[in-house]
1. Out of everything in region 171-185 that is surrounded by fewer than 13 Cβ atoms within 10 Å (Cβ to Cβ) and out of contact with any helix residue (DSSP H, G or I) (no Cβ under 9 Å at 6 or more places or on another chain), what residue ends up being modelled with the highest pLDDT?
2. Residue under question is TYR69, and the condition is that it be surrounded by 18 or more Cβ atoms within 10 Å (Cβ to Cβ), hydroxyl-bearing (Ser, Thr, Tyr) and not assigned by TED's automatic domain parsing to the domain that holds ASN170; does it hold?
3. Take the residues in region 303-360 that are farther than 22 Å from LEU436 by Cβ and basic (Lys, Arg), then tell me which one is surrounded by the fewest Cβ atoms within 10 Å (Cβ to Cβ).
4. Report those helices (runs of 4 or more DSSP H) wholly inside region 60-179 carrying at least 3 residues which are more than 30 Å from ARG222 (Cα to Cα) and of a type outside the set (A, V, I, L, M, F, W, C).
5. Is it true that some residue in region 8-25 is assigned to a loop (DSSP other than H, G, I, E, B) and either modelled with pLDDT of 90 or more or of a type in the set (Phe, Trp, Tyr) (or both)?
6. Using beta carbons and a limit of 9 Å, which pairs, at least six apart or on different chains, have the first residue in region 432-459 and farther than 18 Å from ILE470 by Cα and among the hydroxyl-bearing types (Ser, Thr, Tyr) and the second one assigned to a helix (DSSP H, G or I) and modelled with pLDDT under 90?
7. Out of all the residues in region 426-442, is one or more within 50 Å of the chain's Cα centre (by Cα), loosely packed, with under 14 Cβ neighbours inside 10 Å and not β-branched (Val, Ile, Thr)?
Amino acid sequence: MDTKQNKPDTGREQLQQLISHLVEGVLLIDPSGKITWANKAALAMHGCEQLAELGVTAAQYHKRFVLMYLNHHKLAARQYPVARAVSGEEFDDVRVELTLRRKNSDFRRVLVMRSVLFTGAHDEVEAVAIVIRDETEQVNAEGRFERAFAVNPAPAVVCRLSDTRYIKVNRGFLRMTGYSSDQVIDKSLYELDVLREAEYREQAIQSLQQGEPIAQQEAILRVQGGIDKFVIVAGQPIEVANEACMMFTFIDLDACKQAEESLKRSEEGFSKAFDLAPIPMMVCVEPVWRVIAVNAAFESVTGYRNEEIQGKTVVEIGLWEDAGILAGIRDELHEGSGIRNYEVPLRGADGIMLDTLISAEPVTINDDACVLCVFEDITDRKRTEIELIAAIDAVMQDTSWFSQTVMEKLAQLRHSGATDSKLELSILTAREKEVLSLICQGKSDADIATILQLSRNTVRNHVAAVYDKIGVHRRSAAVVWGRERGLASY
């Protein structure tokens with residue numbers, strides 16, 4: 001009587017269990033090992049469309065499918081979940097990789113299987129079900145993450161939130177710290193503190209406990225050998241193997257700190273060399289040539305004081321009478337190279353004109369485009385040359401006591417500049433002399449074209465011819481050559 005009453009209850013319970021698992025794959029097997037039924041999900045997970053493709057029995061199932069654990073260890077026939085269930089074994093969550101035995105098949109699934117045994121009134125097994133869950137996509141995603149994590153050059157570790165222990169570390173972190181994998185994996189966050197002396201440590205710890213992102217912040221990481229390393233650390237919540245974790249990533253600041261220190265030392269060295277240099281030097285910010293510094297030698301030669309002219313442009317200071325001089329210097333610098341020994345007159349603080357040779361080079365200071373100018377004062381040298389010519393002229397007025405040879409030498413010395421200049425200028429055509437004269441006045445090619453009513457191409461051709469004839473390659477050199485031969489106001 002009791003047996004009859006129990007059978008309907010057992011059948012109802014079996015039906016309820018089956019219905020509850022229909023969203024997953026389900027295989028039904030009778031105690032003899034015959035596969036009697038499979039739902040659509042189970043067939044798809046095996047790459048099959050019909051029940052017969054699974055194999056009629058557990059033995060045939062083994063012949064058609066290869067099962068391996070995820071460590072690539074192949075299961076023996078008796079270890080197959082189907083065989084274990086038929087033998088009456090109950091098991092939970094056996095994760096296997098399933099492939100087809102037939103050749104040239106790339107079908108692969110990662111399946112998690114568990115057994116459900118249906119027993120009768122006397123506890124005999126009346127039916128067996130294998131409930132299957134497909135985790136292929138999840139495992140593939142984990143594999144992609146593992147590969148990306150391992151090869152990512154950015155140092156990173158993964159900490160499990162439940163016990164704050166590290167479960168993954170990549171090569172970037174090991175290289176940065178000098179630790180081995182064994183020295184990191186399974187260590188607690190508080191043993192290897194990646195948030196040590198962080199800018200917002202308390203907030204970061206709170207975010208870690210709540211599984212929220214941790215904003216980038218500077219911290220000090222203790223690496224191999226007890227050395228402190230400056231880093232930027234950030235945390236991103238992730239899930240690894242269905243567990244809530246935090247992935248910490250790092251930026252090594254040591255290189256930045258060293259670069260900052262090196263730059264600081266370089267700037268200090270430049271500043272000292274600039275101040276102590278025995279020749280006048282000036283630094284200006286482009287494009288208006290605003291003076292940001294002059295050295296002691298510049299102050300001594302020109303009479304200008306650094307604090308008096310700092311922040312002013314060279315035009316406001318009035319360093320050059322001729323605006324064309326600055327235009328010429330700018331043109332040369334904008335061609336991509338510095339200028340060397342450009343002879344220009346420089347107005348001193350007392351209004352007296354100084355003869356100088358200027359050399360200039362583009363430099364970058366604090367990310368600003370600047371120009372470093374070096375001046376050579378040739379005023380005394382020019383004065384000496386003038387005095388020498390005057391002395392020669394005085395001597396030449398009374399040559400009675402000089403030999404003919406000495407008189408010829410003195411005459412040659414006195415007139416050599418003028419004679420040579422005339423001879424040299426004779427190699428230029430009248431138009432080329434006009435062009436060179438305008439170049440010496442600081443005029444651009446466009447200006448020359450307008451003044452002479454020529455095309456730009458014609459002016460460029462004349463300029464090229466002038467360069468070729470006088471043997472120069474840059475505009476500044478042509479200006480020097482022309483000025484030395486009196487062409488500035490031709």
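The values are calculated or read from the model by the stated rules, or taken from the named source; none is laboratory data. Quick caveat, the model's predicted, so the values are computed rather than measured. We place every Cβ from the backbone using ideal geometry, glycine too, and count neighbours over all the protein chains shown.
1. Of region 171-185, the ones surrounded by fewer than 13 Cβ atoms within 10 Å (Cβ to Cβ) are 175, 178, 180, 182.
Checking which are out of contact with any helix residue (DSSP H, G or I) (no Cβ under 9 Å at 6 or more places or on another chain) leaves us with 175, 182.
Numbers: ARG175: 90, ASP182: 94.
Once the filter is applied, the top-ranked residue is ASP182.
2. On the way: surrounded by 18 or more Cβ atoms within 10 Å (Cβ to Cβ): no; hydroxyl-bearing (Ser, Thr, Tyr): yes; not assigned by TED's automatic domain parsing to the domain that holds ASN170: yes.
No.
3. The residue in question is ARG305.
4. Details: elements: 81-86, 136-151, 171-177.
Answer list for region 60-179: 136-151.
5. Keep residues of region 8-25 that are assigned to a loop (DSSP other than H, G, I, E, B), which gives 21-24.
With either modelled with pLDDT of 90 or more or of a type in the set (Phe, Trp, Tyr) (or both) added as a condition, the list becomes none.
No - not one qualifying residue is present in region 8-25.
6. What qualifies is SER444/ALA327; SER444/ASP331.
7. Of the residues in region 426-442, the ones within 50 Å of the chain's Cα centre (by Cα) are 435-442.
Going one step further and asking which of them are loosely packed, with under 14 Cβ neighbours inside 10 Å, we end up with none.
Checked region 426-442: no residue is within 50 Å of the chain's Cα centre (by Cα), loosely packed, with under 14 Cβ neighbours inside 10 Å and not β-branched (Val, Ile, Thr).
A quick yes/no check of all residues on (1) surrounded by 20 or more Cβ atoms within 10 Å (Cβ to Cβ); (2) within 30 Å of ILE185 (Cα to Cα); (3) outside the structural domain of ALA41 (by TED's automatic domain parsing); (4) hydroxyl-bearing (Ser, Thr, Tyr):
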{"position": "ASP106", "(1), (2), (3), (4)": "no, no, no, no"}
{"position": "PHE118", "(1), (2), (3), (4)": "no, no, no, no"}
{"position": "GLU124", "(1), (2), (3), (4)": "no, no, no, no"}
{"position": "ALA127", "(1), (2), (3), (4)": "no, no, no, no"}
{"position": "ALA154", "(1), (2), (3), (4)": "no, yes, yes, no"}
{"position": "ASP163", "(1), (2), (3), (4)": "no, yes, yes, no"}
{"position": "TYR166", "(1), (2), (3), (4)": "yes, yes, yes, yes"}
{"position": "VAL169", "(1), (2), (3), (4)": "yes, yes, yes, no"}
